[in-house]
Amino acid sequence: MAKTASYTCTACGASFTKWSGRCDGCGDWNTIIEEAPLASGPAAKSLGAKRGRGIQLTDLASEEVPPPRTHSGLSELDRVLGGGLVAGSAILVGGDPGIGKSTLLLQAAARFAMVGVKTLYVSGEEASAQVRMRAQRLGLGTAPVQLAAETNLRDILTTLDAERPGLVIIDSIQTMWADTVESAPGSVAQVRAAAHELTSFAKRRGISVVMVGHVTKEGQIAGPRVVEHMVDTVLYFEGERGHQFRILRSVKNRFGPADEIGVFEMTGDGLAEVTNPSALFLSERGTPAPGSVVFAGIEGTRPVLCEIQALVAPTPHSQPRRSVVGWDGGRLAMVLAVLEARCAIPFAGLDVYLNVAGGLKIGEPAADLAVAAALLSAREDVALPPETVIFGEISLSGALRPVGQAENRLKEAQKLGFTSAIVPAGGKMVGDGGLAVQRFGDLTALVGDIFGAG
Ligand code: TYD
Ligand code: MG
């Protein structure tokens, strides 16, 4: 019997006849694993040769009851899950080592247990005594959570079958070990097999499963990306080492909006919810200084204000530096190019540093205008009018484009004591949220009006 390709890339799915360290298909390293060979040639049976069983069809128009959800009481977590935990769903929580994943999930486990969900916490990284000590430190020592320190998947599944919990937490998927696969725990094949076994078992039994996944240096969940496709929800727990706050971000959610965030603060007694993130992100802001502006952004479904800081200084090097923290470097290059080409404000010979204060990462193009204002303010050494927020997208022509949820952004600013706003003209006229709103059609007008430059 002829063998077909028996090596497969777990990232892109390309098949090969021999193993190699790097996939020719997608260029990823260490993603190729051996697969059981497929039968081909005369031995392979066409699917049509044997009749299958008829599948029950239903109308698209028929009534569907929404999946039952349980609220943990941690509202930041519930929101990121799309409004509570869906029974029988599979969730992957990724994050850097030491960021607080185990802390978050132990707190979540305790909350779910306290609202009546039978909860099992399986740690493959720490002994039960360690988990118990942490729970005591967090003031959750009496929560009705069942603990296990185990890495053998077969034993875990047998236990789940007997115990029938509503929720199981697996900390972490990289430590789990399936005896059906002959590679070491943490290897791509093991992670894939363990995640597959756990999710399919949990689905069959209606158990919700939360798997912790460590993240590689490149910021991806270590192991095959197919794990992300297997689960219903992928959450990333992010934060900067030097900062207290942590963001739980949903990057995929079959049961709710993706890109929703929950904000937490790491304290001595574990993670505390931050219900007003804007106040937190602006808390370290001093008196208005050149180079500092407040951007009114939207994260998920919520408005979040944050400070964008720029520093512009003559460069001692032949090649000026462009350094960005918390925003996209490509987008910064674009804003600089538009300022040079459309507003005749050159940045050649100048180092440019851009920082989103507090360690927040902004992905919205709506921050373009705030970034441009911070750059101009730093370059011209002119502070923006005090208590002013700013947002808007910049097009390559230098025109300003209106952005979504303008009214929500303005309302949030008003709530936090801001009195004026700089926004793009045009688009749907919305309420000004009680702020003095200045509208500009293009960047040149703003440069002239606010900074007297150009
Ligand atoms: P942990 O949850 O173990 O991280 P992960 O599972 O993502 O690797 O969190 C470890 C860090 O959190 C550690 O540096 C100490 C800090 N921490 C606190 O600051 N307060 C606390 O109450 C707890 C439990 C941890
Ligand atoms: Mg941990």
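The values are calculated or read from the model by the stated rules, or taken from the named source; none is laboratory data. Bear in mind that the values here come from a model prediction, so they are computed numbers and not experimental data. A quick note on method: Cβ atoms are made from the backbone with ideal geometry, for glycine too, and the neighbour counts reach across all protein chains shown. Side chains included, ligands, DNA and RNA excluded: accessible areas come from the protein's heavy atoms. Shrake-Rupley method; radii C 1.70, N 1.55, O 1.52, S 1.80 Å.
Please count how many residues of segment 435-454 are in contact with a strand residue (DSSP E or B) (Cβ under 8 Å, 6 or more places away or on another chain) and small (G, A, S).
Qualifying residue count for the region: 2.
Do you know which residues across segment 89-130 are closer than 15 Å to G270 by Cβ and in contact with a His (Cβ under 8 Å, 6 or more places away or on another chain)?
Once the filter is applied, which keeps residues that are closer than 15 Å to G270 by Cβ and in contact with a His (Cβ under 8 Å, 6 or more places away or on another chain), segment 89-130 yields nothing.
I'm trying to understand the selection: among the residues of segment 225-248, which are open to solvent by 30 Å² or more (accessible area, probe 1.4 Å) and either under 11 Å from the mean Cα position of the chain (by Cα) or of a type in the set (F, W, Y) (or both)?
Within segment 225-248, Y236, E238 qualify.
Could you pull out the residue among S292, S250, S278 that is closer than 12 Å to R79 by Cβ and of a type in the set (S, T, N, Q)? If you could, list the steps in order and put the result at the bottom.
Working: S292 fails: closer than 12 Å to R79 by Cβ; S278 fails: closer than 12 Å to R79 by Cβ.
It is S250.
Look at segment 96-108 and say how many of its residues are crowded, with 23+ Cβ neighbours inside 10 Å, under 13 Å from E238 (Cβ atoms) and more than 8 Å from ligand 2 (Cβ to nearest atom).
Of the residues in segment 96-108, 1 are crowded, with 23+ Cβ neighbours inside 10 Å, under 13 Å from E238 (Cβ atoms) and more than 8 Å from ligand 2 (Cβ to nearest atom).
Hey, does segment 203-214 have a residue that's under 14 Å from the mean Cα position of the chain (by Cα), assigned by TED's automatic domain parsing to the domain that holds L104 and more than 16 Å from ligand 2 (Cβ to nearest atom)?
No; the residues of segment 203-214 include none that is under 14 Å from the mean Cα position of the chain (by Cα), assigned by TED's automatic domain parsing to the domain that holds L104 and more than 16 Å from ligand 2 (Cβ to nearest atom).
Being within 16 Å of ligand 2 (Cβ to nearest atom), open to solvent by less than 30 Å² (accessible area, probe 1.4 Å), under 30 Å from A178 (Cα atoms) and among the hydrophobic types (A, V, I, L, M, F, W, C) narrows it down to one of L92, L81, L153, L147, so name that one.
L92
Could you check, for segment 176-196, whether at least one of its residues is assigned to a helix (DSSP H, G or I), touching an Asp or Glu at 6+ places or on another chain (Cβ under 6 Å) and buried (at least 17 other Cβ atoms within 10 Å of the Cβ)?
No, the conditions are met nowhere in segment 176-196.
Quick one: how many residues across segment 433-451 are in a helix (DSSP H, G or I) and acidic (D, E)?
1
Applying the selection to segment 393-410, what residues are among the polar types (S, T, N, Q) and on the phi > 0 side of the Ramachandran plot?
The one that is among the polar types (S, T, N, Q) and on the phi > 0 side of the Ramachandran plot: Q405.
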